[in-house]
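Chemist: Provided herewith is a single structure, encoded as C-alpha cells, for subsequent inquiry.
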Amino acid sequence: MLEPSLQLYGSTYDEVNSLLDELISKSHARYAMIIDLKGFVLLHNKALWAPKPPSLDSLASLVASNYSANTAIAKLLGEDGFKEMVQQGEEIGTYLEELGEKAILVTIFDKSAALGRVKLFTKKAAEDIREVIDNSTDQAPQLTFDSNSTSALLDSFFGDNE
C-alpha cells in the first residue's frame, strides 16, 4: 500500500499550517498545499474568499506527475531538475517550489494576484517550511491498547458474546 513519504505531526504541523496561512495572506493566492512526489496531499489551506477547490487528490496526483515529467525533461537537458515551475492560464496559475527531495509546495493563484508577489512569498514560505521540517523532532502519535480497551473494541465490532 502506498503511503505518504513525509508526515507532519504536532507542533511541526501547526507551524507549517501557519506558514501556509501566511503565504496565502501575503501572496493573495487562492490555495496553498504541500504534496509529496507520490501525489499525496500532506497539508492544504485556502483563502477565505476562494471558491471551493477542485478535487485535491486529483490535483495532487496530476501536479506530482507533471513535476516528475518536468524533472525528466530537465535531466534530458543536462539539469538535475527544475527548482521551480510556473503554469499560468488566463484566469488561474500555479507556482511550484521544491521542499527537498520528498515534497512540493504548490501555490494556486488567480489573475488578481501578481506572479512576482506569488513567487516572492512562495519562495519565502518554502524556505521557512524546509527549516521547520528539517528541525522537526515530532514523532507520530503512538496508539496503545490495554487488554480492557482491546476487548471492549472487539466486543463493539463483533458483539458481546458473554
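The values are calculated or read from the model by the stated rules, or taken from the named source; none is laboratory data. Please read all numbers here as calculations on a predicted model, not as lab measurements. Every residue, glycine among them, receives a Cβ derived from its backbone with ideal geometry; neighbour counts consider all protein chains shown.
Chemist: What pairs can you find where one residue is in the range 61-90 and under 23 Å from PHE109 (Cβ atoms) and touching a residue at least 24 places away in the same chain (Cβ under 8 Å), the other is among the acidic types (Asp, Glu) and surrounded by 13 or more Cβ atoms within 10 Å (Cβ to Cβ), and their Cβ atoms are less than 8 Å apart, with a gap of 6+ or different chains?
Modeler: That search, which allows pairs on different chains as well, returns ALA64/ASP36; GLU84/GLU97; GLU84/GLU98.
Chemist: May I ask you to list the residues in the range 30-43 that are of a type outside the set (A, V, I, L, M), in a strand (DSSP E or B) and within 20 Å of GLN88 (Cα to Cα)?
Modeler: Residue satisfying the conditions is TYR31 alone.
Chemist: Conditions: (1) exposed (fewer than 12 other Cβ atoms within 10 Å of the Cβ); (2) aliphatic (A, V, I, L, M); (3) touching a His at 6+ places or on another chain (Cβ under 6 Å). ALA69 meets all but one. Number of the miss?
Modeler: (3)
Chemist: Could we say that PRO4 is modelled with pLDDT under 90, out of contact with any helix residue (DSSP H, G or I) (no Cβ under 9 Å at 6 or more places or on another chain) and not aromatic (Phe, Trp, Tyr) here?
Modeler: Spelling it out, PRO4 is indeed modelled with pLDDT under 90, out of contact with any helix residue (DSSP H, G or I) (no Cβ under 9 Å at 6 or more places or on another chain) and not aromatic (Phe, Trp, Tyr).
Chemist: What are the residues in the range 104-133 that are crowded, with 22+ Cβ neighbours inside 10 Å, in a helix (DSSP H, G or I) and in contact with a Ser or Thr (Cβ under 7 Å, 6 or more places away or on another chain), if any?
Modeler: VAL118, PHE121, THR122, listed by residue number.
Chemist: Just to check your reading of the model, which residue among LEU56, LEU105, LEU23, LEU42 is touching a Leu at 6+ places or on another chain (Cβ under 9 Å) and modelled with pLDDT under 95?
Modeler: Exactly one residue qualifies, and that residue is LEU42.
Chemist: Read through the list (1) loosely packed, with under 14 Cβ neighbours inside 10 Å; (2) hydrophobic (A, V, I, L, M, F, W, C); (3) at pLDDT below 95, then give the number of the only condition that LEU76 fails.
Modeler: With (1) loosely packed, with under 14 Cβ neighbours inside 10 Å; (2) hydrophobic (A, V, I, L, M, F, W, C); (3) at pLDDT below 95 applied to LEU76, the lone miss is (3).
Chemist: Can you name every residue in the range 26-39 that is among the small types (Gly, Ala, Ser) and either in contact with a His (Cβ under 8 Å, 6 or more places away or on another chain) or at pLDDT 95 or above (or both)?
Modeler: Hits for the range 26-39 are SER27, ALA29, ALA32.
Chemist: Scan the range 85-96 residue by residue and report those that are outside any loop (DSSP other than H, G, I, E, B) and either among the basic types (Lys, Arg) or surrounded by fewer than 21 Cβ atoms within 10 Å (Cβ to Cβ) (or both).
Modeler: MET85, VAL86, GLN87, GLN88, ILE92, GLY93, THR94
Chemist: Return yes or no: is PHE40 under 20 Å from TYR13 (Cβ atoms) and surrounded by 14 or more Cβ atoms within 10 Å (Cβ to Cβ)?
Modeler: Criteria met by PHE40.
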